[in-house]
Every structure is written in structure tokens, then in C-alpha cells.
1. Write down, largest first, the equivalent ellipsoid semi-axes of the chain in whole Å, where each equals the square root of 5 times an eigenvalue of the alpha-carbon gyration tensor.
2. Over the chain, what is the relative contact order in percent, taking alpha-carbon pairs closer than 8 angstrom and at least six residues apart?
3. Which length gain, in nm to one decimal place, applies between T119 and A183 when the Cα-Cα distance is subtracted from 0.36 nm times their residue separation?
4. Separation between the S140 and T48 pseudo-spin-labels, each 7 Å from Cα along Cα→Cβ, expressed in nm?
5. For the pair Q204/T158, report the inter-label distance in nm, with labels modelled 7 Å from Cα in the Cβ direction.
6. Only four residue types carry charge here, +1 at the Cβ of Lys and Arg and -1 at the Cβ of Asp and Glu. Report the dipole size of region 8-209 about the Cα centre in Debye, rounded to the nearest 20.
7. Given L139, I76, L41, which one lies farthest toward the positive end of the charge dipole of region 8-209, if we put +1 on the Cβ of every Lys and Arg and -1 on the Cβ of every Asp and Glu?
8. From the P(r) of region 130-211, could you give the percentage of C-alpha pairs in the tail past 22 Å?
Amino acid sequence: MTELTHIDEQGKARMVDVSAKETGRRGVFLDLQGTLGGDGLGDIQDFTFYACAIPALRLFNQFGLSIIVVTNQSHIEKGLLTYQQYEERVKELQGELGTAGAGIDAIYCCPHRTPDICTCQKPKLGMLHQAQQEFGMALSECFVVGDMGSSDMLMAHTAGCKSILVLTGVGESSLNEFRHTWAAVEPDFIATDVLQAAEWIGEQVSGASNT
Ligand SMILES: [Zn+2]
């Protein structure tokens, strides 16, 4: 059964198979900037992957985990980047990962600048719900890795995912100066970078059946 659940930025209606909801797929939701590369706050046009991102993604692939990147891109609605430029950049980045043999399943973005007009800006759960519908992700069996407590860690907590804060990007300041913005939440693990996060996740899923 399909139904209209989403209209994208260019007004294209998307049909989503709602009967595929929650098929128990396990995976990892990864923040992009500050987690896989870049400086955490800059423009995606200037983004480059950290050296540790490629082996981390390969590990997730080996563990049989789906990989969904979830990113807030308010630069789009602020007019600093068109949706088309964003899509072109994402294609380039996916090409780089493909060449490196580190596949990801999807990249979702929230293009909005003001959280009250949308349901997708992290820490809201819109992008996770989209993954639930499109990939059958079982959120309670999933991991969130990100550098910003007030978006990534709060989102993980609300969704019932395991949360891993990385100290790259704004991770360090998120844990110190800005700890009050996500004081109610304790990350399940704090990792120096996404590769250490992947190793920890590997320990959590090893022994569990991936078949
Ligand atoms: Zn949004």
C-alpha cells in the first residue's frame, strides 16, 4: 500500500510504501558536518570527509547496518545554497564514497531555517520517521552518531535510539560550554571520532544475529 506522505522542496510528491513500516532493520543515523567531515557548522560546499570516515563507514557495512545520513541544511532556506546546488554536492560526495568502497543507503536533509515550520529539523524526528517508512528501520535497534548534543543527542533520546557523541566538529564544545542545552540526556558513549564510534557500535552488535 502506498500513500502520499511527503512533498519535497521542489514540490515533487513522493509516494511511500507505508506497509513497509518497521520491518526491524537495524542501522546507524549519522550526522554529516562535524561527524563525517567538515567543521560542524560550515557550508556543505566546503565539506570534505575526515580520513577516519571511510574506514568507519566500511565497518558499518561489514556489521550489516544500514547507513542513513541525517543533516540540517538551513543554508538552503536562508538562500545561501539552492536545493539544486545541495543535491549536486550530495551526488559528488556519494560518488567519492562509492569510489572508496564505502556505501551509504540515503542522505536526508532538513532545508528549513525555523524549526517551528517543519517536522524534520533535528532534534525533531521527521527524518528518522522517513527512514522508518522507506527502509523499515526499527528505531529502538538503531544508533545515532553526531557532534551536537542539542540536535543529535536529543533526537536519539526522543526516538529511543542509542546515542554516541563524537568529539570532532562542535562535539567538544557541545560537551562543555553547551552541555546545558541538552542537560537531560546522557549519551550512551562518547567517542573521539566516528571511527571509534563505529568500533563501539561493532561491540554492541557483535554476538547479535545480523542475518
Ligand atoms: Zn525541516
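1. Numbers: eigenvalues 105, 91, 66 Å².
Whole-Å semi-axes of the equivalent ellipsoid: 23, 21, 18.
2. Numbers: 404 pairs, mean separation 51.5, N = 211.
Relative contact order comes out at 24 percent.
3. Values: separation 64, 0.36 × 64 = 23.04 nm, distance 2.24 nm.
Net length gain for the segment: 20.8 nm.
4. Calculated label separation equals 4.4 nm.
5. 1.9
6. Details: 14 positive and 26 negative charges, 88 e Å.
Taking the Cα centre of region 8-209 as origin, the dipole is about 420 debye.
7. L139
8. Values: 877 of 3321 pairs.
That tail contains 26 percent of the Cα-Cα pairs.
Coordinate-derived values only; no laboratory data. Because the structure is a prediction, the values reported are computed rather than measured. Glycine gets a Cβ as well: all are built from the backbone with ideal geometry, and neighbour counts include every protein chain shown.
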